[in-house]
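Colleague: Below are the structure tokens for one structure; questions will follow.
The values are calculated or read from the model by the stated rules, or taken from the named source; none is laboratory data. Because the structure is a prediction, the values reported are computed rather than measured. Note that we place each Cβ from the backbone using ideal geometry, even for glycine, and neighbour counts take in every protein chain shown. Heavy atoms of the whole protein, side chains included, go into the accessibility calculation; ligands, DNA and RNA do not. Shrake-Rupley method; radii C 1.70, N 1.55, O 1.52, S 1.80 Å.
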Amino acid sequence: DSYCRLFHPVVPADPSAPARTWTEVALENGRIPHSSMQYHMVNRPAGNSVPPIGARDQQLSWGSLPLAERIDLVELLREYTATPDSCWFALWTGYEDVVFDAVPLVNLPGREYGLFSGPIERVVGASHLAFGGHSPNIWWPDDRRWIVVSEIDFAWTYVAGSDHLAEDLLSHRALEVMEVKLSDRPFFGSDHLNASLDA
């Protein structure tokens with residue numbers, strides 16, 4: 001019913017400094033926080049030059065939902081499935097620190113994934129180390145009540161599910177989440193609101 005974009009937190013180089021949200025960074029720079037914002041457009045004051053396509057800010061987790069956010073998400077998602085002990089986890093086979101020999105492979109456009117299964121806690125417990133510490137790129141329960149997707153080239157995660165799930169995600173204190181539409185374009189040059197501030 002609903003789709004949400006969960007922004008991976010901004011982790012400062014100084015380990016003693018707290019993580020920040022994209023919204024906080026945007027407001028500090030006089031930018032507009034919105035559901036299609038791109039980090040390279042909100043982490044600099046208006047009028048500064050845009051970084052080259054493909055530049056990745058090292059303060060963000062790319063392609064993998066950080067563990068702290070995974071723990072919060074699992075706690076919430078567990079309540080929205082009747083099959084929390086039977087879930088599926090697809091992990092990109094490009095990770096060199098993961099062994100894919102014993103699992104079936106799934107091909108989707110442009111990507112190949114190893115397909116794992118187990119309880120929802122597999123993404124946060126000791127067994128998540130079998131994923132090399134990465135979050136699964138795609139995971140869902142057997143009853144298909146929701147789906148979580150972390151594309152390897154994005155610094156955010158999508159969660160799709162019921163309207164009630166979306167409401168709980170949007171009001172979660174520890175997660176920065178905004179509702180999105182299937183028509184949204186999550187690409188490098190798609191943050192037209194903040195681009196207009198540079199005109």
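Colleague: May I ask you to list pairs of residues, at least six apart or on different chains, whose Cβ atoms are under 7 Å apart, with the first in region 178-199 being of a type outside the set (Gly, Ala, Ser) and the second being in a helix (DSSP H, G or I) and open to solvent by less than 50 Å² (accessible area, probe 1.4 Å)?
Modeller: Qualifying pairs under 7 Å: 179/166; 191/41; 194/41; 194/42.
Colleague: When you go through 159, 180 one by one, which is the residue that is within 15 Å of the chain's Cα centre (by Cα), modelled with pLDDT of 90 or more, within 19 Å of residue 81 (Cβ to Cβ) and open to solvent by less than 60 Å² (accessible area, probe 1.4 Å)?
Modeller: The unique qualifying residue is 159.
Colleague: Collect the residues in region 134-153 that are under 13 Å from the mean Cα position of the chain (by Cα), buried (at least 18 other Cβ atoms within 10 Å of the Cβ) and assigned to a loop (DSSP other than H, G, I, E, B), keeping them in residue-number order.
Modeller: Within region 134-153, 134, 135, 136, 137, 150 qualify.
Colleague: Residue 85: among the charged types (D, E, K, R), under 16 Å from the mean Cα position of the chain (by Cα) and in a loop (DSSP other than H, G, I, E, B), yes or no?
Modeller: no
Colleague: On the basis of being outside any helix (DSSP H, G or I) and surrounded by fewer than 14 Cβ atoms within 10 Å (Cβ to Cβ), does residue 96 make the cut?
Modeller: When the stated conditions are applied, residue 96 passes them.
Colleague: Taking residue 108, is it in contact with a strand residue (DSSP E or B) (Cβ under 7 Å, 6 or more places away or on another chain) and either open to solvent by 60 Å² or more (accessible area, probe 1.4 Å) or more than 16 Å from residue 151 (Cβ to Cβ) (or both)?
Modeller: Judged against the criteria, residue 108 is not a match.
Colleague: In addition: How about region 1-53: which of its residues are hydrophobic (A, V, I, L, M, F, W, C), under 19 Å from residue 179 (Cα atoms) and in a loop (DSSP other than H, G, I, E, B)?
Modeller: Within region 1-53, 32, 37 meet the criteria.
Colleague: If you don't mind, there's one more thing I want to ask. For residue 78, all conditions in the list (1) open to solvent by 50 Å² or more (accessible area, probe 1.4 Å); (2) in contact with a Gly (Cβ under 8 Å, 6 or more places away or on another chain) hold save one; what is the number of the exception?
Modeller: (2)
Colleague: Now a separate question. Give the residue, chosen from 59, 38, that is open to solvent by 40 Å² or more (accessible area, probe 1.4 Å) and within 19 Å of the chain's Cα centre (by Cα).
Modeller: Result: 59 is the single residue among 59, 38 that is open to solvent by 40 Å² or more (accessible area, probe 1.4 Å) and within 19 Å of the chain's Cα centre (by Cα).
Colleague: Here is a follow-up. Would you mind stating whether residue 120 is over 23 Å from residue 187 (Cβ atoms) and either without any contact (Cβ under 8 Å) to a residue 12 or more places away in the chain or open to solvent by less than 40 Å² (accessible area, probe 1.4 Å) (or both)?
Modeller: yes
Colleague: For residue 174, indicate whether it is closer than 19 Å to residue 35 by Cα, of a type in the set (Gly, Ala, Ser) and open to solvent by 50 Å² or more (accessible area, probe 1.4 Å).
Modeller: yes
Colleague: Let me ask something additional. Tell me yes or no: at least one residue of region 46-56 is open to solvent by less than 40 Å² (accessible area, probe 1.4 Å) and either touching a helix residue (DSSP H, G or I) at 6+ places or on another chain (Cβ under 9 Å) or of a type in the set (Gly, Ala, Ser) (or both). I'd like the intermediate steps shown before the answer.
Modeller: Filtering region 46-56 down to residues open to solvent by less than 40 Å² (accessible area, probe 1.4 Å) leaves none.
No, there is no match, as no residue in region 46-56 is open to solvent by less than 40 Å² (accessible area, probe 1.4 Å) and either touching a helix residue (DSSP H, G or I) at 6+ places or on another chain (Cβ under 9 Å) or of a type in the set (Gly, Ala, Ser) (or both).
Colleague: Write out, first by first residue and then by second, each pair whose Cβ atoms fall under 7 Å of each other, whose residues are 6+ apart or on separate chains, and whose first residue, in region 1-23, is open to solvent by 40 Å² or more (accessible area, probe 1.4 Å) while the second is of a type in the set (Phe, Trp, Tyr).
Modeller: Sorted first by the residue in region 1-23, then by its partner, the pairs are 3/158; 21/7.
Colleague: Could you pull out the residue among 63, 110 that is free of Cβ contacts under 8 Å to residues at least 24 places away in the same chain, closer than 25 Å to residue 161 by Cβ and not β-branched (Val, Ile, Thr)?
Modeller: Of the residues listed, the single one that is free of Cβ contacts under 8 Å to residues at least 24 places away in the same chain, closer than 25 Å to residue 161 by Cβ and not β-branched (Val, Ile, Thr) is 110.
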